[in-house]
């Protein structure tokens, strides 16, 4: 995803000289093509994320479109108030790319996990939040949002090879990308964890469960109409995200269900507790938090079992 | 025509009318604001892209800036009289929605990085516009100030002029007791800035100092402006309580007399 993002950004910079790239001293083997092609529009600002957001605000006031790059928690949490009082409050065209949503930096420990970035950003009015599921969708998401008004957050994964089957890179802000409809239940996924949801849906279907699956990559503005429509058609929805269960996709879906008085039951699968002192591979951490395809199948079957008379 | 006296009188009048504090801070910067808006800032039109930018990083002193905007004719008397009223654009901290305010501020430690971005943008656009950022001395407690200080020096942002309102006070005490800043000028200097001392109440001195700066090449500049908190009102000067305290009628009348007005 980050590779696709960086390549697309070079293309955008070729097309529009307002595009700049700032990094908080991260992006080794990712940002070099931009830095080499546009040395005057690339700034490694050092390990100083607050200043990076402040700089970007000042640059945007003059008409530039600065992209900021760092690992998700450093890009979002450290300078959060600068994001609020700068790009959000002034409506500046600042773009923040947070790499490593979820457990992608799994061996690096909690400081590097991105588990609350979507939650804390989607509550800011005017902030666009995009969390692509794979590199093809990341490419299209960037293409379709880079020049929109106001600030944008891109939650990116590191992987540039895996694609989510059936998604075909589709992206439209304010819409849900449905991969498959199902009458028994619907899995809604945000980010690269979508491949686990797709695999779980495939296995459930094999077992005779009519399981739908959809990707929610445009988190804010919320795809409320699409969500309300598809949630009205199923008795059960399982949200799947590599994010704390509070604040992210699960919360968004619950808000829509409550706001539209839908009868659909929502099970929120995500990270329940602070993963204190636990690190490891992304696959391990997904399993440990009940987010593997196996665990999602089990959750679905248990929930469906309860529904039977 | 902008004079420090008129700014001070408006600060007092509006603070009395609205019955609010932050008077001492606004009086502290009155001469700096008078110099900037009266004689320094190049602003052919209030929203001209080529204009010099001004960022009041110590947003709580904005009443002095509202006064200057009014004296410039960019703000009507009617607007000025909404200071701190319900639904006003003229709050205790500046909003960029108000014509003449480039950036909303109020959270200390934000303004210098904004200014560094504005200065970098001006250089990339080959514009001669300059950026002035007025900080409080206690604001230098914020680590983010020093992030911006390092960036501006590294990139030689000579079109960036920071002004530190060195009044030695902060909300709850004197800076030397709360978190000592000395030697403040040395700290900026070793970070690579051109440091200039000025008397923050000498308008001619402030103007001539700024006119003497090379804003086309070399390091960024900082004016360490020695000021007196509450300047011009004897009972407010160097008194901690006038950070937040509002005036009574008697206090107001004495204050107006002391700054040369008619109560």
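Where both partners of a DSSP beta bridge lie in chain B, what percent of those bridges are antiparallel, to the nearest 5?
Working: 2 of 24 bridges.
For chain B, the DSSP antiparallel bridge percentage is about 10.
Hey, what did chain B get for relative contact order, percent, Cα under 8 Å, at least 6 apart? Intermediate results must be reported in sequence, preceding the final value.
Details: 529 pairs, mean separation 64.1, N = 263.
That works out to 24 percent.
Taking 30 Å as R0, compute the FRET efficiency from the Cβ-Cβ separation of residue A:283 and residue A:232 and round it to 0.05. Write down the numbers at each step before the final one.
Details: r = 35 Å, r/R0 = 1.16.
Between residue A:283 and residue A:232 the formula returns 0.30.
Compute the angle between helix A:293-307 and the longest alpha-carbon principal axis of chain A, please, reported from 0 to 90 degrees and rounded to the nearest 10.
40 degrees
Hey, got the average number of other protein chain Cβ atoms within 10 angstrom for residues in A:43-51?
Numbers: counts 3, 0, 8, 4, 1, 8, 2, 9, 16.
Shielding by partners across A:43-51 averages 6.
With a 10 Å radius around each residue's Cβ, average the other Cβ atoms per peptide and rank A:206-215, B:78-87, highest first.
Listed from highest to lowest mean packing, they are A:206-215, B:78-87.
Roughly speaking, what is the centre-to-centre gap between the range B:100-171 and the range B:181-230 when only Cα atoms are used, to the nearest Å?
13 Å
Can you say what percent of the DSSP beta bridges in the protein assembly as shown, counting only those with both residues inside, are antiparallel? Round to 5.
Numbers: 8 of 68 bridges.
Antiparallel bridges make up about 10 percent of those DSSP assigns within the protein assembly as shown.
Before rounding to the nearest 500, sum -39500 (n - 2.57) across all DSSP H runs of length at least 4 in chain A and divide by the residue total; then give [θ] at 222 nm in deg cm²/dmol.
Working: 12 runs with 113 residues, N = 309.
Helices in chain A give a 222 nm mean residue ellipticity of -10500 deg cm²/dmol.
Counting pairs of alpha carbon atoms under 8 Å apart in space and at least six apart in sequence, what relative contact order in percent does the range A:177-307 give? Don't skip to the end; give the middle numbers.
Numbers: 216 pairs, mean separation 34.8, N = 131.
Here the relative contact order equals 27 percent.
Between A:119, A:259, A:106, where does the largest GNM mean-square fluctuation fall for chain A, given springs only between Cα atoms within less than 10 Å?
Greatest mean-square fluctuation among the candidates belongs to A:259.
What length, rounded to one decimal in nm, is gained on full extension from residue B:125 through to residue B:248, with 0.36 nm per residue of separation minus their alpha-carbon distance?
Details: separation 123, 0.36 × 123 = 44.28 nm, distance 5.03 nm.
39.2 nm is the gain from fully extending residue B:125 to residue B:248.
Order these by the 10 Å Cβ neighbour count, fewest first: B:114, B:71, A:110. It would help to have the intermediate numbers written out before the result.
Working: B:114 32, B:71 20, A:110 14.
The order, fewest Cβ neighbours first, is A:110, B:71, B:114.
Zone of residue A:255 (label point 7 Å along Cα→Cβ, backbone N under 14 Å): which residues in the range A:126-154?
A:126-130
Using 1/(1 + (r/R0)^6) with R0 = 56 angstrom and r between the beta carbons of residue B:190 and residue A:305, what's the FRET efficiency to the nearest 0.05?
Computed FRET efficiency for residue B:190 and residue A:305: 0.20.
By per-residue mean of other Cβ atoms within 10 Å, what is the highest-first order of A:262-274, A:51-63? Each step should come with its number before you reach the end.
On the way: A:262-274: 17.7, A:51-63: 27.8.
Ranking, from highest mean packing down: A:51-63, A:262-274.
Could you please rank B:127, B:15, placing first whichever residue has the fewest other Cβ atoms within 10 Å of its Cβ?
On the way: B:127 14, B:15 23.
In order of increasing Cβ crowding within 10 Å: B:127, B:15.
Which order do the peptides A:23-34, B:215-226, A:92-103 take when ranked by the mean count of other beta-carbon atoms within 10 Å per residue, highest first? Let's see the in-between values first.
Working: A:23-34: 17.0, B:215-226: 20.2, A:92-103: 26.8.
Going by the mean number of other Cβ atoms within 10 Å, highest first, we get A:92-103, B:215-226, A:23-34.
Between helix B:4-18 and chain B, what is the angle of the helix's C-alpha long axis to the longest principal axis, kept within 0 to 90° and rounded to the nearest 10?
Roughly 60 degrees, rounded to the nearest 10.
What is the distance in Å between the Cα centres of the range A:181-230 and the range B:1-20?
61 Å
Length gain on complete extension for the stretch residue B:180 to residue B:85, per 0.36 nm per residue less the alpha carbon to alpha carbon distance?
Details: separation 95, 0.36 × 95 = 34.20 nm, distance 3.67 nm.
Additional length available on full extension: 30.5 nm.
What does the helix-only formula give at 222 nm for chain B: each DSSP H stretch with n ≥ 4 adding -39500 (n - 2.57), the total divided by the residues, and the result rounded to the nearest 500 deg cm²/dmol?
Numbers: 11 runs with 98 residues, N = 263.
Taken over chain B, the calculation gives -10500 deg cm²/dmol.
Relative contact order of chain A, please, whole-number percent, based on alpha carbon pairs below 8 angstrom and at least 6 residues apart.
Values: 691 pairs, mean separation 49.9, N = 309.
In percent, rounded to a whole number, it is 16.
As a test, work out the antiparallel percent of DSSP beta bridges whose residues both lie in the range A:2-156, rounded to the nearest 5. Could you put the intermediate results ahead of the total?
Working: 1 of 23 bridges.
The answer is about 5 percent antiparallel.
Report, as an integer, the average count of C-beta atoms from other chains found within 10 Å of each Cβ along B:116-128. Before the final figure, lay out each step's value.
Numbers: counts 6, 18, 8, 4, 9, 10, 3, 0, 7, 3, 0, 1, 0.
Rounded to a whole number, the mean comes out at 5.
On a full-extension model of 0.36 nm per residue, what is the gain between residue A:202 and residue A:25, subtracting their alpha-carbon distance, rounded to one decimal in nm?
Details: separation 177, 0.36 × 177 = 63.72 nm, distance 4.08 nm.
Difference between extended and current length: 59.6 nm.
Please identify, among B:161, B:55, B:210, the residue showing maximal mean-square fluctuation in a Gaussian network model of chain B using a 10 angstrom Cα cutoff.
B:210
Taking the Cα-to-Cβ direction at residue B:48 and at residue B:199 and moving 7 Å from each Cα, how far apart do the two end points lie in nm?
3.2 nm
Given C-alpha coordinates of the range B:4-258, what is the ratio Rg to Rh with the Kirkwood estimate of Rh?
Ratio of gyration radius to Kirkwood radius: 0.95.
Compute the separation of the alpha-carbon centres of the range A:94-125 and the range A:1-74 and state it in Å as a whole number.
Computed from Cα coordinates, the inter-centre distance equals 17 Å.
Only the coordinates and a few stated rules stand behind these numbers; no lab work does. Just so you know, these numbers come straight off a predicted model, no measurement behind them. Neighbour counts are summed over all protein chains in view; Cβ atoms, including those assigned to glycine, are modelled from backbone coordinates with ideal geometry.
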